[in-house]
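Heads up: the structure comes next, in structure tokens.
The values are calculated or read from the model by the stated rules, or taken from the named source; none is laboratory data. On a predicted model such as this, the values are computed, not experimentally measured, just so you know. All Cβ positions, glycine included, derive from the backbone under ideal geometry; neighbour counts span all protein chains shown. Just so you know, the surface numbers come from the protein's heavy atoms only, side chains and all, with ligands and any DNA or RNA stripped out. Shrake-Rupley method; radii C 1.70, N 1.55, O 1.52, S 1.80 Å.
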Protein chains: 2
Amino acid sequence: MNTPIPVQVADADLALLTDLYQLTMIQAYWKEAMHERATFSLYFRRLPPSRRFMLACGQQHAAELASRLHFTPSHLASLADTGLFEDGFLEWLADWRFEGDIWTLREGTPVFANEPLLEVDAPIAQAQLLESLIMNLVQLETVLASKAVRIVMAARGRPVIDFGMRRMHGVDAAVRGVRAYRTAGLAGTSNVLGGLRHDLAINGTMAHSYILAHDNERDAFRAFARHYPGTTLLVDTHDTLEGVRKVIEIMREEPGVGVKAIRLDSGDLGELAKGARRLLDDAGHGDIKIVASSGLDEHKIDALLTDGAPIDAFGVGTEMGAPSDAPVIDLSYKLVEYAGTPRVKHSPNKINLPCRKQLFRRLDDQGRYAGDLIALRDEPIAEGEPLLRPLVRAGRVDETEMAEADRARERVQDALTRLPDELHSLTHGTSDYAVELSPDLKRHQSHS
Amino acid sequence: MNTPIPVQVADADLALLTDLYQLTMIQAYWKEAMHERATFSLYFRRLPPSRRFMLACGQQHAAELASRLHFTPSHLASLADTGLFEDGFLEWLADWRFEGDIWTLREGTPVFANEPLLEVDAPIAQAQLLESLIMNLVQLETVLASKAVRIVMAARGRPVIDFGMRRMHGVDAAVRGVRAYRTAGLAGTSNVLGGLRHDLAINGTMAHSYILAHDNERDAFRAFARHYPGTTLLVDTHDTLEGVRKVIEIMREEPGVGVKAIRLDSGDLGELAKGARRLLDDAGHGDIKIVASSGLDEHKIDALLTDGAPIDAFGVGTEMGAPSDAPVIDLSYKLVEYAGTPRVKHSPNKINLPCRKQLFRRLDDQGRYAGDLIALRDEPIAEGEPLLRPLVRAGRVDETEMAEADRARERVQDALTRLPDELHSLTHGTSDYAVELSPDLKRHQSHS
């Protein structure tokens, strides 16, 4: 058997993970000696109707990988085989390195329509080549964290655990997804590799198959609880409340096993949680927690808790792993400046903002977000904090800023206390949150 | 600076890409000396309302990776650190290899609700451990191929090109996605690495940034066409029909440049295509093709072609890369047999089929699919072709079957000629296609 082609992509091969036109365009720039600096801006034109804000995430990986990106001899040979590229260009590409700057919002920052999440300032062939990869990387974590934070809000302080690995779009989504979930404030994940890599607690209970592989549910419960004192038992394989009664009997027969929680994974979770709680409390097990899973999202969790369901923790998979209400965000990575001149595409009914920019966020007296201002990068703005920070300078990652990126989880916790009430709403609807353009930016917009 | 943690996952690390409960359950099986053979069956309970069939895809990678999966000393050290696992179990895990059988539908086979896409027969701790990884791998390609084939059908023989890399959920989705698109019948992809790895033509045009980086559109067109004779020019940066006129002027001034196609990427694509076609034809350029992109899906393509839009090829990104109408399928991987005994979870209003199974598909006189029968694996069924094939036997990939998996694209082309007319419909709606249970399976279902 031949050496198998790897199924997964190595970091070192990411230079080829791009759209072909990036390479043909940069060959054209090379042939035309167009080496001036350009700025590209990453933003989305509108929020999905089901989102009131997004959490900007994934910039750290994008910056790290950009700073290391290069073409190997084997990449260059593959490109030569396409017949599209000249030898001189491929030699130039062999030396291609990103030597520009990447300014980004810190990870976990709430972001609104038309605001720059990230800007790249570099010779045009460098900034152009990063487009597809940056978009792919930022898109994933931003989509997942922005959904997950809503689920965290809906759970009102109760732990939320990621069960989504099997439903997510491939391996990279499942593993980097855990990083996004960590940022969004999840308490744990079932995903072993994701949890190990991205420092989120790894949790697990048991599956129906374990119950079914035993002669009966009681034997399965007893065996599992002996192996794992303080475990969580899955009680819905046959009849949920019967399952709870069996747990209580086992605890009576073997007080040492110490079950910590039960999990409900089907049926009317609210009613079953109430029934289970009563059975457990009546048996003196007020300390046994109830974990619920099965098709949950922020709306179902909110409805369960509003209805008083005594659920202590939620396992969420499908809807958080591939959010059907907003599986993508409509990110754009647009040229906004070249050779010191503002550039802008004129599109009917669309806002396109030229120039290198900065984003300022004002706080009110209570420390809550009072409104944003999109300005030119170097425009003197008296009020508000400048949110775009240089994560890469002259091709090198700024370690101080990178350490700040690692604090994304705390940043989200802080942001949730500062978001105006209307932005905490889980329902569809537009927001009154003010995002304004600075005087200088308005002037450039109308002139260009 | 320390050695960076890789962002992407190596194939060799996929043993840890699992849900924690798989590992705690198999430690429990080990402690209980439960080493009997089990069968797990992979299927979905219902089609998404927007799908009339799915294309089973991704089994080849799942089988390859399963046959190579093992735990390295570093994996075992990470597991030891969790405090959940005994030394004896970790020693046993060091020798863990998949030694069972994997039966699957050949890739590209249309599949319906409750039909097994794949079954794993192995000692229970082997079959259990594969669950999360197989589901993640099969889910991705099945979701993407099943959407893409609808777009191919809508395009009525016109080429469809994948533009989705930037919208897809991470790197693995973007690269393995190209494999799913190849299976579904796409003509090409913009994704360089995906196209190289998975043998699909790589296509590219130009971006708005190239136009905007030049002093004017005409200069940009002329430069690009000189670099790439026979290229495709993007005409909508400022005003689409003005852009077309500029292309015509350049062709008149420099007959050698030979533009092959123009691309429309915004606005009313149908009207603009008609206008562009008239301008091109009037100038004697009936051979220049029109490529359209921008928010397309099967419904928009179908409407454009029904309306007579003279579009020759379609570029599709967002809706094919992360299909909002069905971003996941509700796959289950259920224990159906253990130690020779059927196993089944009883769920209200859900069908759960016990036992190792086989799927038979009957053809009518015209060679079209006439109905399916789900039967026991070894049940003598006189009619129809058995569709589940042993891709892995005793832990080793069957190279003959693997070569068949490589023919998935041809299999889909063939299947499209055999699907009953109602299954070609792109609208929502249930199908009358018959999926029946064999007599022996029915008997086992009612007894277990």
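Please list the equivalent ellipsoid semi-axes of segment A:343-394, computed as the square roots of five times the alpha-carbon gyration tensor eigenvalues, in descending order and whole angstrom.
On the way: eigenvalues 115, 59, 18 Å².
For segment A:343-394, the semi-axes come out at 24, 17, 9 Å.
Please compute the modelled spin-label separation between residue A:440 and residue B:268, points set 7 Å along Cα→Cβ, answer in nm with one decimal.
4.2
At 25 °C and a viscosity of 0.890 mPa s, what translational diffusion coefficient does Stokes-Einstein give for segment A:325-430, taking Rh as the Kirkwood radius over Cα pairs? Give it in µm²/s as a whole number. Working shown, then result.
Values: Rh = 17.0 Å.
This corresponds to a translational diffusion coefficient of 145 µm²/s.
Based only on Cα atoms, what mean projected area does the convex hull of segment B:231-377 have, in nm²?
Details: hull surface 61.2 nm².
That works out to 15.3 nm².
Mind ordering A:292-302, A:407-417, A:214-224 by average Cβ neighbours within 10 Å, highest first? List each step's numbers first, then the result.
Numbers: A:292-302: 20.5, A:407-417: 16.4, A:214-224: 18.4.
Going by the mean number of other Cβ atoms within 10 Å, highest first, we get A:292-302, A:214-224, A:407-417.
How large is the dipole of segment B:205-311 about the Cα centre if only Lys and Arg carry +1 and Asp and Glu carry -1, each at its Cβ, rounded to the nearest 20 debye?
Working: 13 positive and 19 negative charges, 74 e Å.
Dipole of segment B:205-311, to the nearest 20 debye: 360 debye.
Enter the Cα centre distance for the pair segment A:254-293 and segment A:301-346, rounded to the nearest angstrom.
Computed from Cα coordinates, the inter-centre distance equals 33 Å.
Carbon and sulfur: what percent of segment A:137-230's accessible surface (1.4 Å probe)? Provide the component values of the computation, followed by the final result.
Numbers: 900 of 2030 Å².
Reported share for carbon and sulfur atoms: 44 percent.
Which value, in Å² rounded to 10, gives the accessible area of residue B:333 with a 1.4 Å probe and all protein chains present?
10
Evaluate the Kirkwood expression for the hydrodynamic radius of chain A, namely the inverse of the mean inverse distance over all pairs of different C-alpha atoms, and round to one decimal in Å.
Details: mean 1/r = 0.0411 Å⁻¹.
Value: 24.3 Å, from the Cα pair sum.
Hey, got the dipole for chain B? About the Cα centre, +1 on K and R Cβ, -1 on D and E Cβ, debye to the nearest 20?
In total the dipole reaches around 440 debye.
Based on Cα positions only, what radius of gyration and what Dmax would you give for the protein assembly as shown, in angstroms?
28.1, 94
How big is Rg to Rh over segment B:205-311, alpha-carbon atoms, Rh as the Kirkwood inverse-mean-distance radius? Numbers along the way, then the final one.
Working: Rg = 13.3 Å, Rh = 13.8 Å.
Looking at segment B:205-311, the ratio lands at 0.96.
Given a Förster distance of 45 Å, report the FRET efficiency between residue B:91 and residue B:341 from their Cβ-Cβ distance, rounded to the nearest 0.05. Mind dumping the intermediate values first?
Details: r = 30 Å, r/R0 = 0.67.
Efficiency computed from Cβ-Cβ geometry: 0.90.
Which value, in debye to the nearest 20, gives the size of the charge dipole of segment A:294-439 about its Cα centre, when Lys and Arg are +1 and Asp and Glu are -1 at the Cβ? List each step's numbers first, then the result.
Numbers: 18 positive and 27 negative charges, 196 e Å.
That gives a dipole near 940 debye.
Quick check: Cα centre of segment B:134-151 to Cα centre of segment A:110-147, how many Å?
Going from one Cα centre to the other spans 26 Å.
Given a Förster distance of 51 angstrom, what is the FRET efficiency for residue B:254 paired with residue B:406, based on the Cβ-Cβ distance and rounded to 0.05?
Details: r = 44 Å, r/R0 = 0.86.
It comes to 0.70.
Counting only other chains, and only Cβ atoms inside 10 Å, what mean value do you get across the residues of B:214-220? Please report the intermediate quantities before stating the final value.
Values: counts 5, 1, 0, 0, 0, 1, 2.
Counting Cβ atoms of other protein chains within 10 Å of each residue's Cβ and averaging gives 1.
In square angstrom, what is the accessible area per residue of the protein assembly as shown with a 1.4 angstrom probe? Walk me through the numbers on the way to the answer.
Working: 31820 Å² over 896 residues.
Roughly 36 Å² per residue, with all protein chains present.
List the pairs from A:345/B:246; A:274/A:300; B:350/B:442; A:246/A:300; A:289/B:334; A:147/A:274 whose alpha-carbon separation is above 19 Å, in the order I gave them. Intermediate values should be presented prior to the final figure.
Details: A:345/B:246 17 Å; A:274/A:300 16 Å; B:350/B:442 15 Å; A:246/A:300 28 Å; A:289/B:334 27 Å; A:147/A:274 28 Å.
Pairs exceeding the cut-off: A:246/A:300; A:289/B:334; A:147/A:274.
Per-residue ellipticity at 222 nm for chain A, helices alone: DSSP H runs ≥ 4 residues times -39500 (n - 2.57), over residue total, nearest 500 deg cm²/dmol? Don't skip to the answer; put the middle values down first.
Numbers: 18 runs with 180 residues, N = 448.
My calculation for chain A gives -12000 deg cm²/dmol from helical runs alone.
For the pair A and B, how large is the buried accessible area, both sides, in square angstrom to the nearest 100, if the probe is 1.4 Å?
On the way: alone 20300 and 20330 Å², together 31820 Å².
In total, this chain pair buries about 8800 Å².
Which whole number gives the average, over all residues in A:330-336, of C-beta atoms from other chains lying within 10 Å of the residue C-beta?
On the way: counts 3, 2, 2, 3, 4, 7, 2.
Partner-chain Cβ atoms within 10 Å, mean over residues of A:330-336: 3.
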